[in-house]
Each structure stands twice: as structure tokens, then as C-alpha cells.
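This report concerns only the one structure given below.
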Amino acid sequence: MTTKICIARGDGIGPEIMQATLDILKAAGAELEYEELTLGEQVYLSGNSSGIDDSAWEVLRNNPILLKAPITTPQGGGYKSLNVTLRKTLGLFSNIRRSLSYDPILPCRFKNMDVIIFRENEEDLYAGIEHRQTHEVFQCLKLTTTEGSKKIITAAFEYAKTHGRKKITCMSKDNIMKLTDGMFHRTFDEIKKEYPEIETDHMIIDIGAAKLANNPEAFDVVVCQNLYGDILSDITAEISGSVGIAGSANLGEQYAMFEAIHGSAPDIAGKNIANPTGLTLAAVEMLIYLGQHSVANKIHHAILKTLEDGKLTGDLARHVDGVSAINTSDFASEVISRLGQKATVLKHVSDDPGQPTRKKLNAPDYKEKKVLVGVDVFIDDKNKDPNVLAAKLEALDSPLKIKMITNRGVMVWPRYNPATYCTDHWRCRFQADGSVSHDQIAGLLSVMAGESIDFIKTEGLYEFDGNAGYSLGQGQ
Ligand code: NAD
């Protein structure tokens with residue numbers, strides 16, 4: 001059945017590599033029709049800082065699959081990242097990037113490397129909620145949800161199950177971020193019980209990243225939050241030596257976007273010398289997603305066979321002795337002439353690559369009892385002695401009493417070590433005996449305002465079924 005998809009030819013080398021990819025798709029018999037979208041530089045420069053206009057959103061609504069060539073983000077001018085806008089607006093919660101070795105065709109230290117990073121794509125520090133709160137302190141909120149974590153972890157397990165992958169490693173920093181990363185790790189531990197056939201492992205992200213860089217052949221699928229995944233997937237792409245020819249998939253429940261991982265390469269644009277492999281391999285992933293497995297396999301084998309036969313564009317040919325480069329359109333013709341042939345050296349094509357299932361998750365579970373037990377009030381105070389601030393807060397007329405003050409997370413009152421460096425940003429924890437009300441918190445803030453105390457923000461302290469939903473102070 002023919003599927004209508006959106007394509008965006010992009011900027012720089014985008015139009016050239018997209019044409020090569022479309023030629024290969026056509027010759028291979030992909031059952032696709034195309035609707036063209038204009039995204040990127042042209043839209044940015046027309047004064048739209050998002051890089052995408054309303055008509056493009058409308059087209060996408062009707063055709064929720066996008067094959068996208070790279071776009072150029074103009075320098076300066078406050079232009080927003082189009083990729084981040086697309087991921088968030090379209091609910092593309094999973095970013096899937098496979099990094100593998102093409103050795104011996106493209107020399108790589110790790111001959112058997114084949115790692116897939118599942119990166120959560122919408123949350124974490126990339127929520128982009130930032131504030132400057134005092135002269136000294138800048139804040140970026142790390143927002144991690146139970147639903148977002150379930151979705152990416154389930155997607156990784158479903159992928160492993162359908163693609164014959166054996167092991168999933170979860171990476172987090174839950175020894176430090178016990179609530180956010182702790183929840184991610186616990187969610188992984190819960191979900192893995194549904195997939196007993198898949199081996200699992202958890203690593204703290206710092207040592208995990210080091211091991212991944214040093215011995216990627218020991219890893220299979222890795223799942224992690226947004227920032228960690230962003231870094232890990234660049235590390236794996238770089239050490240695989242195939243950064244210029246890798247594709248990636250961004251999948252959500254309703255939309256999917258496929259693209260090369262490289263940028264628009266303005267330095268070689270318009271010369272017909274760019275390598276279209278990254279975008280074509282992204283299109284292969286798209287065909288698998290659409291269930292067009294045999295066409296996907298045919299193209300994948302033909303690309304690998306073309307590489308095996310030493311037909312390489314300049315970016316790759318320069319690393320291989322005795323090979324002269326061919327141009328973009330000739331590379332596409334070489335691939336097309338090999339459709340139907342099998343790769344013999346590079347064997348990355350699974351003859352039954354499966355289809356990522358889109359497992360429906362249960363609705364969020366709100367059964368825990370949530371009780372407000374206090375408030376952290378963040379205060380801007382240039383006086384650097386916590387005892388002076390504490391004396392002021394102890395004197396406030398409120399049923400909520402000051403219990404603890406921290407500075408950058410370290411407890412500085414009631415116990416203070418003068419060696420602790422203090423900024424102008426103080427977290428002041430107020431609690432009563434038992435639960436408190438919003439009115440009491442509003443009353444506390446009103447009293448503070450009367451005393452000219454500069455409160456920057458508040459965070460409610462909640463218990464969930466008696467478990468604290470807030471962290472303790474360091475040293476508490
Ligand atoms: P880049 O990936 O475009 O280029 C880095 C180097 O790799 C350049 O020397 C380039 O010539 C080469 N290169 C990249 N792709 C190639 C290919 N297919 N064939 C041959 N050589 C290739 O990275 P950059 O220079 O940092 O970014 C250029 C522009 O691309 C920027 O505006 C950036 O914002 C944008 N960008 C877009 C995306 C995207 O749309 N997904 C991703 C990354 C960067």
C-alpha cells in the first residue's frame with residue numbers, strides 16, 4: 001500500500017542528498033508518495049524564528065511521517081532549534097541512533113561495534129525552563145516524568161524484542177539525583193520484569209560512558225534520559241567512525257521523523273560531492289517503520305555492497321588508500337545498479353528487521369496520597385552569613401518554622417562549616433508539625449514581603465503515601 005509522507009529538502013547539501021535518496025527509493029520500488037515541506041533557513045530568514053510556518057504544521061498533521069534533510073540554523077538572532085521544536089511539538093519522545101562499525105571498509109578500532117542509543121527526547125534539562133534568580137545563580141529545571149520514562153524504556157524493550165537485540169543497559173546518575181534519575185532507574189527495573197528474555201544492566205552514567213567509549217562492543221542497546229543520550233550518541237557515532245553516514249529516527253505515538261545525524265555542510269553545498277548515505281539509511285529505517293521490509297533490505301544491502309566495492313564519496317574515500325572519490329549522483333547510481341545484490345563483508349542487514357511495536361501504556365496512576373508538609377522558599381540575600389539570615393527567618397510570625405537552610409544544596413544552618421562557600425541564593429525549608437495549607441504558605445510569604453525578604457520562588461514539600469517527594473540537604 002502506498003504511503004504518503006512529508007519530505008523536507010533542507011538547506012546546504014540537503015537538496016542534493018535528498019534527491020539521491022529519492023532516486024534510490026524510486027528505483028527500489030518503495031511505495032511512497034511525497035508532500036514537500038519548506039523548513040529551515042528560508043523560513044527563518046523570512047522572520048519566523050521557529051523555522052517552520054503554519055502551513056507546514058497543517059501538512060504534517062495530515063501526513064505524520066517526515067523524512068528530513070539537514071537544515072541550517074542562521075547564526076545569532078535568537079533562532080530556535082527547529083529540531084527541538086519538531087520533537088516537542090510532535091511528541092517524538094524517542095530518539096534512536098545506531099552506531100556501527102563498517103570495518104574493514106572504513107577502518108574502525110572496534111570491529112564488532114553495533115550499539116543503539118535510545119534517548120528520551122522531550123524532557124530533562126531540555127524542557128528549556130531556565131531562570132536567572134539572583135546576581136550569582138542561574139537555574140535550569142530538570143523535569144522528568146514517570147510517563148515519559150515509561151514510554152522511552154518500553155520503546156527500547158519493544159525494539160530489542162522485535163529486532164533480536166539481547167541486552168539493554170540503563171544509564172542514570174541516581175546515586176546523586178535520587179528523585180529524578182532514581183525514578184528513571186526504578187521504572188527501568190519495573191519494566192524489565194515484562195521482558196525476562198532480555199538481559200539487563202544499570203550503570204552510573206559517568207562510568208557507563210567511559211566503558212562505552214572504551215569497549216563499545218560490550219554494549220547492545222542503551223536507554224537513558226535526554227542530556228545523557230545526547231552526549232552518548234555523539235560519542236558512539238564518533239568512535240564508530242561512521243558519523244557521516246549514520247541516520248536516526250525520532251518516534252512518537254502519532255508522528256515519526258527520520259534524518260541523517262550530520263548537518264547541512266554549507267562548506268560543500270552545491271558541489272554534488274556530499275555523501276547521501278546517512279539520509280538514505282534514515283529512509284531505510286523509515287521503510288522498516290512503515291512495514292516495507294523487503295524494499296528496506298534491498299536498499300540496505302545495495303548501500304553496503306556499494307561501500308564494499310570501494311565506490312565512495314570524498315568524505316570516505318580520503319580515508320581509504322587507492323580509492324578515488326565519486327560524486328553524489330554517481331554514488332546514487334552505483335547504489336541503484338546494485339539493488340538486488342547482497343553485501344558479503346558488511347552484514348548489518350537483518351533479513352527480518354521486525355517492526356517497532358507501539359505498545360499502549362496504561363493511563364497515569366494517581367492512587368498515592370499526596371500531602372503538603374512544608375515549603376522551600378528560595379531567597380536572594382547578599383549577606384553571606386547563614387546565621388544572620390536564620391535569625392531573621394526565626395523571628396517571622398508564622399505557624400511554619402524555619403527548619404533548615406542550604407546553599408547550592410549544602411546544609412549551612414542549623415549546622416554551618418565556614419569553609420562552605422555561600423552564594424546569594426538560599427533554600428530555606430519551612431515546616432510545621434504535620435500537614436500545612438496553601439493559605440499558611442501564602443501567609444508566610446506575605447510576612448516575608450512585609451520584612452522586605454526577596455523570595456525568588458517556592459517549592460511545595462509533598463509526601464506521597466508518606467514518602468518524601470523532596471531531597472534532603474547535603475550533610476543533613
Ligand atoms: P555538519 O555536519 O554540517 O558538517 C561538519 C563537517 O562534516 C563539514 O566539514 C561537512 O562538510 C562534513 N559533512 C557533513 N555531512 C556530510 C556529508 N553528508 N557528506 C560529506 N561531508 C559531510 O556540521 P556543522 O558544520 O556544525 O553544521 C552546519 C549547519 O548544519 C549548522 O547550521 C547546524 O546548525 C546545522 N545542523 C543541522 C542538523 C539537522 O538539521 N539535523 C544537525 C546538525 C547541524
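The values are calculated or read from the model by the stated rules, or taken from the named source; none is laboratory data. Just so it is clear, the model here is predicted, and its values are computed rather than measured. Reconstructed Cβ throughout: ideal geometry from the backbone, glycine too, with neighbour counts over all protein chains shown. For the accessible areas, the whole protein counts, side chains as well, though only heavy atoms, and no ligand, DNA or RNA atoms are used. Shrake-Rupley method; radii C 1.70, N 1.55, O 1.52, S 1.80 Å.
Observations, loosely collected:
- Considering only the Cα atoms of segment 206-332, their convex hull presents on average a projected area of 9.7 nm².
- Dipole in debye (nearest 20) - segment 370-468, about Cα centre, beta carbon charges: Lys, Arg +1; Asp, Glu -1: 320
- In this calculation the C-beta distance from Asp201 to Ala127 is compared with R0 = 22 Å, giving a FRET efficiency of 0.20.
- The stretch between Lys4 and Arg318 holds 109.2 nm of extra length on full extension. This uses 0.36 nm per residue minus the Cα-Cα distance.
- On Cα atoms only, tilt of 438-450 relative to the major axis of the chain in degrees: 70
- Estimated FRET transfer efficiency when R0 is 30 angstrom, pair Glu253-Thr423 (beta carbons, to 0.05): 0.10
- Cα-based helix-to-principal-axis angle, 146-162 vs the chain, degrees rounded to 10: 30
- Taking every DSSP helix (H) stretch of at least 4 residues in the chain, weighting each as -39,500 (n - 2.57) and dividing the sum by the residue count yields a mean residue ellipticity at 222 nm of -10000 deg cm²/dmol.
- Percent antiparallel among DSSP beta bridges (both partners in the chain, rounded to 5): 65
- Orientation-averaged projected area, Cα convex hull of segment 1-149 (nm²): 13.8
- For Lys457, a cut-off of 19 angstrom between C-alpha atoms picks up these lysines, skipping any fewer than 8 places away in its own chain: Lys142, Lys382, Lys392, Lys401, Lys403.
- Bins of 5 Å from zero: percent of alpha-carbon pairs in segment 191-280: 3, 10, 18, 19, 18, 16, 10, 4, 2, 1, 0
- With the largest listed first and rounded to whole Å, the semi-axes of the equivalent ellipsoid of segment 249-309 from the Cα gyration tensor are 23, 18, 7.
- Solvent accessible area, Å² - Arg61, 1.4 Å probe, full protein context: 140
- Relative contact order (percent, whole number), segment 1-116, Cα cutoff 8 Å, 6+ residue spacing: 28
- Helix axis angle, 328-337 relative to the chain longest principal axis, alpha carbon, degrees: 60
- Filter on Lys4/Lys342; Lys161/Lys192; Lys26/Lys298; Lys88/Lys173 - keep pairs with C-alpha separation over 19 Å: Lys4/Lys342; Lys88/Lys173
- Distance distribution note for the chain: the fraction of Cα pairs above 32 angstrom is 49%.
- The 3J(HN,Hα) values that the Karplus relation (6.51, -1.76, 1.60; θ = phi - 60°) gives for segment 27-36 are, in residue order, 5, 7, x, 4, 8, 9, 10, 10, 10, 8 Hz. Gly and Pro appear as x.
- Beta bridges per DSSP with both ends in segment 109-234, % antiparallel, nearest 5: 25
- The packing ranking of peptides 147-157, 196-206, highest mean first, is 147-157, 196-206, where packing means the average number of other beta carbon atoms within 10 angstrom of each residue.
- Relative intensity of segment 109-234 on a log10 scale, I(q)/I(0) at q = 0.21 Å⁻¹, equals -1.22, per a Debye sum over C-alpha point scatterers of equal strength in the absence of solvent.
- Column: log10 I(q)/I(0), Debye, Cα scatterers of segment 370-468, q = 0.24 Å⁻¹: -1.31
- Relative contact order of segment 370-468, defined on C-alpha pairs under 8 angstrom at six or more residues apart (%): 47
- Normalised by the number of residues in the chain, the mean separation of alpha-carbon contacts (under 8 Å, six or more apart) gives a relative contact order of 16 percent.
- Residue order for Met448, Met177, Met183 - accessible surface, 1.4 angstrom probe, largest first: Met177, Met183, Met448
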